[in-house]
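Q: Got a structure for you, written out below as structure tokens; questions coming shortly.
The values are calculated or read from the model by the stated rules, or taken from the named source; none is laboratory data. Fair warning: this is a prediction, and the values are worked out from it, not measured in the lab. Cβ placement follows ideal geometry from the backbone for every residue including glycine, while neighbour counts extend to all protein chains displayed. Note: areas computed on protein heavy atoms with side chains; ligands, DNA, RNA excluded. Shrake-Rupley method; radii C 1.70, N 1.55, O 1.52, S 1.80 Å.
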Amino acid sequence: MYRALRLQFIRLSSNSTSCHSYIRETDTASDKHTLNLQNISVGSYFNHQNRRRILKGHNSCACCGRSIQRRHCSSFVNGKNQDGPCSSPPWKILFFGTDHFSLFTLKCLNENRLQDKDSVVESLEVVTGKEKKSVRRYAEQAGLEVHNWPLVVPDGKYDVGVLVSFGSLIPEKVINSFPYGILNVHPSLLPRWRGASPLVHTILNGDKETGISIMEIRPKHFDTGPVKIQEKLPVPPDCTTRQLHNMLGPIGGKMLIKCLYNLPTLDGLEVTQSGQEVSYSNKTKPEMTYIDWENQTRESIDRLYRVIHEDFPLKSHYGKVLVKLKSMVPVTDEIDESILYHYGNIHLNLPPGTPCYGRNSKVCWIKCKDGWVGFRELIIKKKLTASDFYSGYLINDMYKNHVFASHRNHLFEHVPDKKVTAVN
């Protein structure tokens, strides 16, 4: 089990002349995917009585004189703070999102905006698709201003953009209209699992750890920008996509809030992604729901089931009959007594796709590459128990010699690192 990244805020002693605090990684293991963030001024951002200002002729902190680095903000001219984006929280934020994973972060931002003090959000507007999805429904109910995508963003109207699970590339002109750019909350340890479906591929590949990356977006390509902060988390055993989604969503929102409190200092401390360990999480496709009995192992089928069964059933053809497979039983090394009764020790040599009904377990067992997987329910036009399927098909003269057909499902294509995509 991998250790989760732990970030500690440590204040310097009260008799120090500096207002600096910093974030220290307490995990002793060295990891180039984990950002060690130092010299982060935390106290000055949490305390609105001590907000930063620009001294005449100096870009420095009002309380300690520390140099302020602003690479993007057009409001700094000759060391003076002109009308325009702020140099410290609270920020004017434009949020880009569509689905339920986006909603976790949007809720965090809006709740922070509404709190009485120490808010990091001054104003919040939303960009989303025209469809009435989760983000649009919440934004309208919360009274937030909603814009349809595509959108022309005026220069300097907002301080920073926030993008979560948006699904569209953002043009360079739009990115450059934000003094602090656009931050993306991505549920993987970049550069691993760039792309549309990182949670799906985390489970499909049996990853033991996952996490959240807060990165700056770049034009023309998804998920290639430098990472500002990143946190590792263990993948819970036997978790589903929805469970992982519900675990990482709130964590991503909280990490973004921390990032926004420390945005000017983090600006310049981001880490460029490694080009050596890139993997891509392609968008899920309909053929993923079909099982390749010849090439998939028990563990691979179990992972596929945990990825998609909450939204779609696994599928396979029994002869010409399309069968949807439901209620998969946990993978085990034990062989059902009915399999041993019918086939004895030669059961492992049977063709992949061979079915067998377990009379005592009430399970329909199907042979795969390295053993047997079982299902308690099946759908053929209507829901059937394993007993119904046995009576109607397995002992029916029209079907009893058939096997379940293997379907190529393209699960591990187009992922360059073959070691990453190996299936046990």
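Q: Tabulate in residue order the Karplus-calculated ³J(HN,Hα) for segment 373-379, using 6.51 cos²θ - 1.76 cosθ + 1.60 with θ = phi - 60°, rounded to whole Hz; enter x for Gly and Pro.
A: So the J values, rounded to whole Hz, are 10, x, 9, 8, 10, 9, 10.
Q: Show me the ranking of peptides 271-281, 342-352 by mean Cβ neighbours inside 10 Å, starting with the highest.
A: Details: 271-281: 15.5, 342-352: 12.3.
Top to bottom by mean Cβ count within 10 Å: 271-281, 342-352.
Q: I've got another one for you. With r defined as the distance between the Cβ atoms of Lys383 and Lys320 and R0 fixed at 30 Å, what FRET efficiency is calculated, to the nearest 0.05?
A: Efficiency, rounded to the nearest 0.05: 0.90.
Q: Right, next: Rounded to the nearest whole Å², what accessible area per residue is found for segment 133-228 with the 1.4 Å probe?
A: Counting only protein heavy atoms, the per-residue value for segment 133-228 is 37 Å².
Q: Of the listed peptides 109-115, 152-158, what is their order by residue-averaged count of other C-beta atoms within 10 Å, with the highest listed first?
A: Packing proxy ranking, top to bottom: 109-115, 152-158.
Q: How long is the gain from Arg242 to Gln276 if the chain were fully straight, where each residue apart is worth 0.36 nm and the alpha carbon distance is subtracted?
A: Gain in length upon complete extension: 9.3 nm.
Q: May I pose another question? Give me the log10 of I(q) over I(0) for segment 271-424 at q = 0.09, 0.11, 0.12, 0.15 Å⁻¹, as the Debye formula computes it from C-alpha points; what are the numbers?
A: -0.31, -0.45, -0.53, -0.78
Q: Suppose R0 equals 25 Å. What FRET efficiency, 1/(1 + (r/R0)^6) with r the Cβ-Cβ distance, do Ser338 and Asp370 give to the nearest 0.05? Provide the component values of the computation, followed by the final result.
A: Values: r = 19 Å, r/R0 = 0.77.
That pair, Ser338 with Asp370, gives E of 0.85.
Q: Also, quick follow-up: Contour minus end-to-end for Glu299 and Ser123, with contour as 0.36 nm per residue of separation and end-to-end as the Cα-Cα distance?
A: 58.6 nm
Q: Could I ask something else about it? Relative to the present Cα-Cα distance, how much length would full extension add between Leu394 and Lys254 at 0.36 nm per residue of separation?
A: Numbers: separation 140, 0.36 × 140 = 50.40 nm, distance 5.29 nm.
Between Leu394 and Lys254, full extension yields an extra 45.1 nm.
Q: Tell me, what is the FRET efficiency for Lys130 and Lys362 to the nearest 0.05, using R0 = 45 angstrom and their Cβ-Cβ distance as r?
A: My answer for the efficiency is 0.40.
Q: Whose amide H sits under 5 Å from the amide H of Thr210, counting only residues 5 or more places off or on another chain, with H placed in the peptide plane?
A: Here the answer is Leu233, Val235, since their amide H atoms fall under 5 Å of that of Thr210.
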